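Colleague: Here it is, the structure, as structure tokens.
The values are calculated or read from the model by the stated rules, or taken from the named source; none is laboratory data. In this text the structure is predicted, and so the values were computed from the model without any measurement. All Cβ positions, even for glycine, are placed from backbone atoms using ideal geometry, and neighbour counts span all protein chains on display. Only protein heavy atoms, including side chains, enter the accessible area calculation; ligands, DNA and RNA are left aside. Shrake-Rupley method; radii C 1.70, N 1.55, O 1.52, S 1.80 Å.
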Amino acid sequence: MAWRYECGPCGVTTGWLSKDQASAKRDKHRDTVHSGMIPTAEVFESNAKSIARDPAALRMWAVIAGVCLLAWIIQSMR
């Protein structure tokens, strides 16, 4: 799982990193730009939410469900 940091007021965004790397970038940004304070509208998120909302992933699960249903129907007919 990857993590990213986004500072709302500044618009600074990291790429997808390990949790430790993203946290270190967040801390460094807070220290250098915001004098150690937590800015408003700060985002620290994992890509787990993004994967769940991904239309391609949803289509993949729909195809898998359809194949399983078809296999069950064929198996029931024997």
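Colleague: Around GLY15, with a cut-off of 14 angstrom between Cβ atoms, what is the net charge of the other residues, counting Lys and Arg +1 and Asp and Glu -1?
Modeller: Result for the neighbourhood of GLY15: +2.
Colleague: Counting helices only, and only those DSSP H runs with n ≥ 4, report the 222 nm mean residue ellipticity of the chain as the sum of -39,500 (n - 2.57) divided by its residues, in deg cm²/dmol to the nearest 500.
Modeller: -18500 deg cm²/dmol
Colleague: LEU70: accessible area at probe 1.4 Å, nearest 10 Å²?
Modeller: Its heavy atoms expose roughly 100 Å² to the probe.
Colleague: Any chance you could list the semi-axes, whole Å, largest first, of the equivalent ellipsoid that the Cα gyration tensor gives for the chain, using √(5λ)?
Modeller: 45, 11, 7
Colleague: Quick one: compute the contact order of the chain, relative version, from alpha carbon pairs under 8 angstrom and 6+ residues apart, as a percent.
Modeller: Relative contact order comes out at 31 percent.
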